[in-house]
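Trainee: One structure follows; several queries about it will come next.
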Amino acid sequence: MPGRSLSEIAKTIRSKNAGVDHITFDVIFADRAAYERVRESGVLSRAAVCRLFGIDDDRITDYVEFDPALAIKFTIRRTRPSGSPGDADIFGSQHHGPLLGIEVPDE
Amino acid sequence: MPVSIQHRRSAESSLRLLCPNGHLGFAPIKPGSFAIGCAAEPDAICADSGSCDVGPGPLGADNSSSPRQWQMQDLETMLLAARRLAVPMIIGSAGDTGSNSRVDLFVAMIREIAAKHRLPEFRLGYFHSEITKEDLRRRMLAGDTVEGLDGRAPLDLVTLEATDRIVAVAGVHPYIELLDKGADVIIGGRSSDCAIFAAPAIRRGFPPALAYFAGKLLECASFCAEPYAAKESVLGEITMDDVKVTAMLPEQRCTIASVAGHAMYERANPFHEHFLGGHIEMRDCRYEQYDERTVRITGPRYVPAGELRVKLEGAGKIGERYVGIVGVRDPYTIAHLEEVIAWARGQAEEQLGSGSGWELHYTVYGRDAILGAMEPQRHKPAHELGIVVQAIAPTRELAEEACMIGTRQLFYARLPEVKGTAGGIAFLLDEVMPASPAYRWTINHTLRIDDPLELFPTFVTEAGV
């Protein structure tokens with residue numbers, strides 16, 4: 001059965017600098033059921049994130065399921081500090097784009 | 001009871017902190033919610049004015065990314081309110097970077113505003129937070145290790161040499177010292193965001209865990225409320241037992257979700273917040289909806305540091321910079337864009353040689369400009385691409401020439417089967433444009449110090465008439 005996209009299920013999907021060497025990603029849900037469904041589906045697991053962005057696991061410095069905010073949060077090390085020549089996302093605020101289309105199975 | 005506040009002071013002893021702006025000067029304060037906040041009996045008005053987010057350029061070049069007019073406007077709004085209410089006004093990380101020149105700039109602005117409005121005399125405190133390269137080199141040569149943060153190697157002397165300016169990130173200590181000296185207005189150098197708010201609370205004897213946690217929640221102003229509306233005021237109240245945070249904009253509320261969501265904003269991990277002298281542990285925080293627009297939080301823990309390590313931020317210049325902008329529409333050229341770029345690079349090398357310090361960066365919008373190698377769709381470029389060419393070199397002349405070659409030669413690239421032989425790209429402008437010099441973050445490290453005030457000299461002066 002085809003699922004829905006993460007952008008339809010999550011309340012907030014964002015990325016932002018966490019210091020000059022990291023970009024952190026927050027996926028926040030409005031209700032616990034949606035949070036648990038995405039968590040259990042594995043579509044946002046560490047390994048799934050690595051596959052999506054084509055990175056090695058050691059680029060992920062933190063991966064947290066944060067119950068009080070119904071959030072899945074992970075942080076990726078940049079390959080060069082923010083604002084270095086050639087960096088086109090100084091605030092790290094558009095790296096979340098590829099997350100929106102992730103398909104979440106219905107059950 | 002002021003209309004804005006759903007609850008009265010919730011304890012005999014409490015401290016109310018009003019935050020009107022998450023980055024003072026960067027985008028103007030919204031006057032409506034600020035006025036409501038001022039009517040809610042704040043005991044201090046505090047704002048952070050700096051961020052690493054603006055990139056390494058402002059610190060390296062020692063300027064601000066915020067326009068002077070907006071800085072003046074925000075300082076004027078805050079100063080007039082704080083003096084009218086007779087409560088402290090506390091600004092941290094002045095002028096985007098918190099460098100000495102930015103602190104001095106804000107101090108001069110405060111004097112100018114005070115004179116313009118003929119404000120009765122008040123005490124203006126400020127502190128600096130730069131550390132010189134010479135000082136740091138001396139400490140390194142004496143055996144101090146400048147430890148890297150976020151996976152960086154310890155600082156070496158070559159990287160130090162490549163640095164133009166370094167700020168140390170202050171904790172609550174210079175703020176408390178200035179409040180002790182009777183400062184009514186404080187302009188701080190580079191500081192931990194949460195310390196700007198925690199200082200007056202810790203000084204008044206409130207638990208450090210709650211004081212720092214309140215600062216963490218308040219420093220981005222209305223980012224901790226919903227629906228999303230930036231730059232609106234929020235009010236925090238600290239008691240001996242809890243922190244409460246209330247949205248001041250009538251259309252906004254603080255909810256458990258918005259406040260807990262904000263607690264993890266801009267941090268690699270939602271459980272720790274570090275500052276000079278320790279960190280707070282947020283794993284056991286409890287969030288409750290206190291009233292319709294207020295969230296109550298209990299349970300953060302303060303963990304003092306075993307060793308005082310101060311964070312250092314440094315930026316160094318790479319070179320002068322020119323920028324060119326072109327577009328591509330030919331599908332064959334789009335499919336072979338890497339060869340086109342390689343051609344242009346090759347032509348620059350032929351003309352300028354290698355080793356004269358120039359570099360070219362191609363940012364391809366419509367393909368992978370933002371995420372680069374992390375872009376899952378980089379192999380499916382759009383039907384039309386925009387390419388920004390940046391050339392960086394030791395002199396403006398060389399940067400301009402490298403940019404001109406690196407841009408114009410995209411036009412002459414030789415692809416074997418191209419049908420369009422009149423030119424490989426479309427020019428937006430047949431010129432290249434001077435841009436600000438290129439910098440990089442050279443230092444994101446920590447240094448051991450003996451005294452939390454050792455890098456942060458404080459000064460008190462008078463302003464007003």
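Trainee: Of the numbered conditions (1) part of a helix (DSSP H, G or I); (2) in contact with a strand residue (DSSP E or B) (Cβ under 6 Å, 6 or more places away or on another chain), B:P154 fails exactly one; give the number of that condition.
Mentor: With (1) part of a helix (DSSP H, G or I); (2) in contact with a strand residue (DSSP E or B) (Cβ under 6 Å, 6 or more places away or on another chain) applied to B:P154, the lone miss is (1).
Trainee: For a quick check of your reading of the model, give me the residue pairs whose first member lies in the range B:340-360 and is within 14 Å of chain A (Cβ to nearest Cβ) and at positive phi, whose second is not in a loop (DSSP other than H, G, I, E, B) and not acidic (D, E), with beta-carbon atoms closer than 9 Å and at least 6 apart or on different chains.
Mentor: From residues that are within 14 Å of chain A (Cβ to nearest Cβ) and at positive phi, the pairs are B:G357/B:G319; B:G357/B:I392; B:G357/B:A393; B:G357/B:L398.
Trainee: Exactly one of (1) without any contact (Cβ under 8 Å) to a residue 60 or more places away in the chain; (2) buried (at least 16 other Cβ atoms within 10 Å of the Cβ); (3) in contact with a Leu (Cβ under 9 Å, 6 or more places away or on another chain); (4) under 26 Å from B:E462 (Cβ atoms) is unmet by B:E76. Its number?
Mentor: Here B:E76 meets the rest and fails (3).
Trainee: If you don't mind, another one. In the range A:84-107, which residues are touching a Ser or Thr at 6+ places or on another chain (Cβ under 8 Å), polar (S, T, N, Q) and facing chain B (nearest Cβ under 7 Å)?
Mentor: Listed by number, the list holds a single entry, A:Q94.
Trainee: Can you name the residue in the range B:42-73 that is surrounded by fewer than 20 Cβ atoms within 10 Å (Cβ to Cβ) and closer than 22 Å to B:L235 by Cβ and, of all such residues, is farthest from the other protein chains (Cβ to nearest Cβ)?
Mentor: B:D43
Trainee: Here is a further query. Restricting to the range B:286-300, name every residue that is more than 9 Å from every other protein chain (Cβ to nearest Cβ) and not in a loop (DSSP other than H, G, I, E, B). Before the answer, list the steps.
Mentor: To start, the set of residues in the range B:286-300 that are more than 9 Å from every other protein chain (Cβ to nearest Cβ) comprises B:288-300.
Result: B:E288, B:Q289, B:Y290, B:D291, B:T294, B:V295, B:R296, B:I297, B:T298.
Trainee: I would also like to ask the following. Just give me the residues in the range A:42-83 being outside any strand (DSSP E or B), within 9 Å of chain B (Cβ to nearest Cβ) and aliphatic (A, V, I, L, M), in sequence order.
Mentor: Those that are outside any strand (DSSP E or B), within 9 Å of chain B (Cβ to nearest Cβ) and aliphatic (A, V, I, L, M): A:L52, A:I55, A:A69, A:L70.
Trainee: In this structure, is B:H262 of a type outside the set (D, E, K, R), under 25 Å from the mean Cα position of the chain (by Cα) and closer than 25 Å to B:P174 by Cα?
Mentor: no
Trainee: Here is a further query. Can you pull out the residues in the range B:362-380 that are surrounded by fewer than 15 Cβ atoms within 10 Å (Cβ to Cβ) and either among the aliphatic types (A, V, I, L, M) or not in a loop (DSSP other than H, G, I, E, B) (or both)? Explain how you work it out, then say what you get.
Mentor: As a first pass, look at the range B:362-380 and keep what is surrounded by fewer than 15 Cβ atoms within 10 Å (Cβ to Cβ): B:373, B:377, B:379-380.
Result: B:A373, single match.
Trainee: So is B:V465 within 14 Å of another protein chain (Cβ to nearest Cβ) and either touching a residue at least 40 places away in the same chain (Cβ under 8 Å) or surrounded by 14 or more Cβ atoms within 10 Å (Cβ to Cβ) (or both) or not?
Mentor: Numbers: within 14 Å of another protein chain (Cβ to nearest Cβ): no; either touching a residue at least 40 places away in the same chain (Cβ under 8 Å) or surrounded by 14 or more Cβ atoms within 10 Å (Cβ to Cβ) (or both): yes.
Here the answer is no, as B:V465 does not meet what is asked.
Trainee: Restricting to the range B:253-285, and then to whatever is at the interface with chain A (Cβ under 7 Å from one of its Cβ atoms) and out of contact with any helix residue (DSSP H, G or I) (no Cβ under 8 Å at 6 or more places or on another chain), can you tell me which residue is surrounded by the fewest Cβ atoms within 10 Å (Cβ to Cβ)?
Mentor: B:N269
Trainee: Out of the residues in the range B:108-141 that are more than 15 Å from B:A82 (Cβ to Cβ) and among the β-branched types (V, I, T), state the one that is surrounded by the most Cβ atoms within 10 Å (Cβ to Cβ).
Mentor: Applying the filter and picking the extreme gives B:I131.
Trainee: Follow-up. Taking only pairs six or more apart or across chains, which ones have beta-carbon atoms under 6 Å, a first residue in the range B:24-35 that is farther than 18 Å from B:I91 by Cβ, and a second residue that is surrounded by fewer than 24 Cβ atoms within 10 Å (Cβ to Cβ)?
Mentor: These pairs meet every condition: B:S33/B:L249.
Okay, residues lined up against (1) within 14 Å of chain A (Cβ to nearest Cβ); (2) more than 21 Å from B:L308 (Cβ to Cβ):
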{"position": "B:V107", "(1), (2)": "no, yes"}
{"position": "B:E112", "(1), (2)": "no, yes"}
{"position": "B:A115", "(1), (2)": "no, yes"}
{"position": "B:R118", "(1), (2)": "no, yes"}
{"position": "B:E121", "(1), (2)": "no, yes"}
{"position": "B:T132", "(1), (2)": "no, no"}
{"position": "B:R138", "(1), (2)": "no, no"}
{"position": "B:T145", "(1), (2)": "no, no"}
{"position": "B:G151", "(1), (2)": "yes, yes"}
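Trainee: Out of the range B:103-134, which residues are in a helix (DSSP H, G or I) and in contact with an Asp or Glu (Cβ under 6 Å, 6 or more places away or on another chain)? It would help to see each step written out before you state the result.
Mentor: So in the range B:103-134, the residues in a helix (DSSP H, G or I) come out as B:103-116, B:133-134.
Hit for the range B:103-134 is B:I113, nothing else.
Trainee: Here is a check on your reading of the model: is B:L398 touching an Asp or Glu at 6+ places or on another chain (Cβ under 8 Å), under 30 Å from B:G314 (Cα atoms) and among the aliphatic types (A, V, I, L, M)? Explain how you work it out, then say what you get.
Mentor: On the way: touching an Asp or Glu at 6+ places or on another chain (Cβ under 8 Å): yes; under 30 Å from B:G314 (Cα atoms): yes; among the aliphatic types (A, V, I, L, M): yes.
Against the criterion (touching an Asp or Glu at 6+ places or on another chain (Cβ under 8 Å), under 30 Å from B:G314 (Cα atoms) and among the aliphatic types (A, V, I, L, M)), B:L398 qualifies.
Trainee: Here's something else I'd like to know. Which residues, taken from the range B:381-423, are surrounded by 14 or more Cβ atoms within 10 Å (Cβ to Cβ), in a loop (DSSP other than H, G, I, E, B) and modelled with pLDDT of 95 or more?
Mentor: Correct list: B:P381, B:E384, B:P394.
Trainee: Further question on the same structure: For the range A:32-74, which positions are under 25 Å from B:I256 (Cβ atoms), surrounded by fewer than 18 Cβ atoms within 10 Å (Cβ to Cβ), among the charged types (D, E, K, R) and touching a helix residue (DSSP H, G or I) at 6+ places or on another chain (Cβ under 9 Å)?
Mentor: Across the range A:32-74, the qualifying residues are A:R32, A:E65, A:D67.
The values are calculated or read from the model by the stated rules, or taken from the named source; none is laboratory data. Remember, it's a predicted structure, so these values are computed and weren't measured experimentally. Neighbour counts run over all protein chains shown; Cβ positions are idealised from the backbone, glycine included.
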